[in-house]
1. Which label marks the calculated value of P(r) over Cα pairs in 10 Å bins from 0, in percent, given the options (i) 9, 23, 26, 19, 12, 7, 3, 0; (ii) 11, 42, 37, 11, 0; (iii) 9, 34, 31, 20, 5, 0?
2. For segment 87-99, in order, what is each residue's ³J(HN,Hα) by Karplus, 6.51 cos²θ - 1.76 cosθ + 1.60 with θ = phi - 60°, in whole Hz (x at glycine and Pro)?
3. Relative to the longest principal axis of the chain, what angle (0 to 90°, nearest 10) does the C-alpha long axis of helix 45-66 take?
4. At what distance in angstrom do the alpha carbon centres of segment 123-154 and segment 21-57 lie from each other?
5. Restricting to Cα pairs below 8 Å that are 6+ residues apart, what does the relative contact order work out to for segment 6-135? Please round to a whole percent.
6. HN-Hα J couplings of segment 108-116 from phi, Karplus 6.51/-1.76/1.60, θ = phi - 60°, integer Hz, Gly and Pro as x?
7. Highest mean first, what order results for 100-107, 117-124, 136-143 on Cβ atoms within 10 Å?
8. Any idea of VAL63's accessible area? Nearest 10 Å², probe 1.4 Å.
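The values are calculated or read from the model by the stated rules, or taken from the named source; none is laboratory data. Since the structure is predicted, the reported quantities are computational estimates derived from the model, not experimental observations. Virtual Cβ from ideal backbone geometry, glycine too; neighbours counted across all protein chains shown. Areas reflect the complete protein model, heavy atoms only, side chains present, ligands, DNA and RNA absent. Shrake-Rupley method; radii C 1.70, N 1.55, O 1.52, S 1.80 Å.
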Amino acid sequence: MAQSSRQRKKARRAAGTIKPPGRSEAKNQAVRESLEPLAPGERPGAVTVGAVLVTGLAIFVLVRYLGGVSFQGKRVEFAQFAPLLLILVMMSYGLWRARYWAVLGLQALLGLLIVYYGVTATLFGDLQGVAVALAVVIPSGYLFYKLVKAMARIQMPERS
């Protein structure tokens with residue numbers, strides 16, 4: 001009768017023929033062990049920066065609507081702004097509370113910005129466009145990078 005992969009693995013483990021983890025797994029484990037879980041009420045610096053940026057963006061969107069934005073000669077309805085505003089307010093609150101889903105959402109937003117401005121700069125590469133793209137891509141990429149470690153600390157279980 002054929003064995004399942006789980007049974008074969010169990011048999012190899014009993015026989016001592018399973019190879020030890022590789023160097024990259026050892027490095028990953030060392031990094032995981034060096035991380036400190038967040039203290040109650042603690043928020044990593046990158047998450048605080050993200051919360052401030054998203055709050056500022058939400059305020060900008062609201063002020064822009066109140067200022068009377070129009071598109072193709074028509075005033076934009078609040079129902080068109082409401083979903084974006086709601087998402088930004090929820091993300092801002094989640095970032096301020098250091099919630100994993102909010103940090104993940106901010107990383108998705110930053111990833112979209114990086115890809116959009118990177119592609120735009122390469123396709124329509126005048127000097128001014130490249131400068132604007134770099135002014136968006138470099139800080140966004142740096143914040144994205146910093147949020148990776150913050151996410152790892154946020155999702156860590158408490159050590160006993």
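1. Comparing each candidate, only (i) matches the computed number.
2. For segment 87-99, the Karplus-derived couplings read 4, 5, 5, 5, 5, 4, 4, x, 5, 5, 8, 6, 9 Hz, x marking Gly and Pro.
3. It is inclined by approximately 30 degrees.
4. Comparing the Cα centres of segment 123-154 and segment 21-57, I get a distance of 18 Å.
5. 21 percent
6. Here the 3J(HN,Hα) series is 5, 4, 5, x, 5, 4, 4, 5, 4 Hz.
7. So the peptides 100-107, 117-124, 136-143, ranked by packing, come out 100-107, 136-143, 117-124.
8. 90 Å²
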